[in-house]
Amino acid sequence: MRVTVLGGCGAWPAAGQACSGYLVESDGFKVLIDPGYATLPRLLELATAAEIDAVLVSHGHPDHCADLNPLLRARALGDVRPPALPVYAPAGALDAVLRLDNARMLAGSFVPHDLEPSRAFEVGPFRVDTWALPHHVPNAGLRLTGGGKVMAYTGDTGPADALVDLAKDADLLLAEATYPEEVPEEDAPYLSTALGAGRTAAAAGVARLLLTHLWPDTPPEPALAAAARSYSGDLAVASGGVTVLL
């Protein structure tokens, strides 16, 4: 399994960066997770729009799904139309981004599927398990298993006991860490810290931890230091171009 970070900014893309977006590949099958702002140009440096086999969206905030629109445009309006793209997301999460275009323009370019918490499904060579995790909108934590390897992804989430189950013995945990050590009170139930991500990774026995969704234009060092207080494994920040081979 190969995981390539297209972007890892939270909220909006910093200069030269992109928001959440991750390309996961195994046996030639390509899954795009969370096509957030500015991820499509980075994706197209690695694959054509037609080569993406499936899309998984953790939740409907635009920093996690806005570039689904240009991806579908590229597939619908290209010279050769590929098969309809399976797109998995929580029910209703993509309503706003899909309204950016006349439905007739994108007709036949994708097939929507609702992500149902706690219901596993198969996509290509991957088994996908899902967890409902607390956020401002419905958010699905995702665990992809393929070729004997496991990648777990939190989406955006507040503190939750389920995070340890999501990440249990994963080869890679991609964890939201918007703030280094403390989330402002009004967002505390809905967002996470690098400190919390480190604790989750340690409790779950994770082999590698990538911190993502850091606030734009903030340095990575405080987040890394906070996570390292409880997690002693392989640790880095998810910035564009980072690739992990599992």
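Readers should treat all values here as calculations from the given coordinates under stated rules, not as data from a laboratory. All values reported here derive from a predicted model rather than from experimental measurement. Please note: Cβ atoms are built from the backbone with ideal geometry, for glycine as well, and neighbour counts cover all protein chains shown.
Below are the figures for this structure:
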| item | result |
| --- | --- |
| Verdict on residue 140 being within 19 Å of residue 22 (Cα to Cα), outside any loop (DSSP other than H, G, I, E, B) and touching a His at 6+ places or on another chain (Cβ under 9 Å) | yes |
| Among (1) surrounded by fewer than 16 Cβ atoms within 10 Å (Cβ to Cβ); (2) in a loop (DSSP other than H, G, I, E, B), the one test that residue 158 misses | (1) |
| Scan of the range 16-32 for residues that are surrounded by fewer than 24 Cβ atoms within 10 Å (Cβ to Cβ) and either part of a loop (DSSP other than H, G, I, E, B) or without any contact (Cβ under 8 Å) to a residue 40 or more places away in the chain (or both), ordered by number | 16, 17, 23, 25, 27, 28, 30 |
| Residue list for the range 181-218, filter: surrounded by 16 or more Cβ atoms within 10 Å (Cβ to Cβ), under 20 Å from residue 20 (Cβ atoms) and charged (D, E, K, R) | 208 |
| Residue among 35, 13 that alone is part of a loop (DSSP other than H, G, I, E, B), touching a Pro at 6+ places or on another chain (Cβ under 8 Å), crowded, with 20+ Cβ neighbours inside 10 Å and not aliphatic (A, V, I, L, M) | 13 |
| Odd one out for residue 165 among (1) surrounded by 14 or more Cβ atoms within 10 Å (Cβ to Cβ); (2) touching a strand residue (DSSP E or B) at 6+ places or on another chain (Cβ under 8 Å); (3) assigned to a loop (DSSP other than H, G, I, E, B) | (3) |
| Selection within the range 81-117 - touching a helix residue (DSSP H, G or I) at 6+ places or on another chain (Cβ under 9 Å) and at positive phi | 108 |
| Selected residue (criterion: surrounded by the most Cβ atoms within 10 Å (Cβ to Cβ)) from residues of the range 118-128 that are in a strand (DSSP E or B) and over 14 Å from the mean Cα position of the chain (by Cα) | 126 |
| Condition met for residue 111 (outside any loop (DSSP other than H, G, I, E, B) and either crowded, with 17+ Cβ neighbours inside 10 Å or not small (Gly, Ala, Ser) (or both)) | yes |
| Residues being in contact with a strand residue (DSSP E or B) (Cβ under 7 Å, 6 or more places away or on another chain), more than 20 Å from residue 135 (Cβ to Cβ) and part of a loop (DSSP other than H, G, I, E, B) - total across the range 189-234 | 5 |
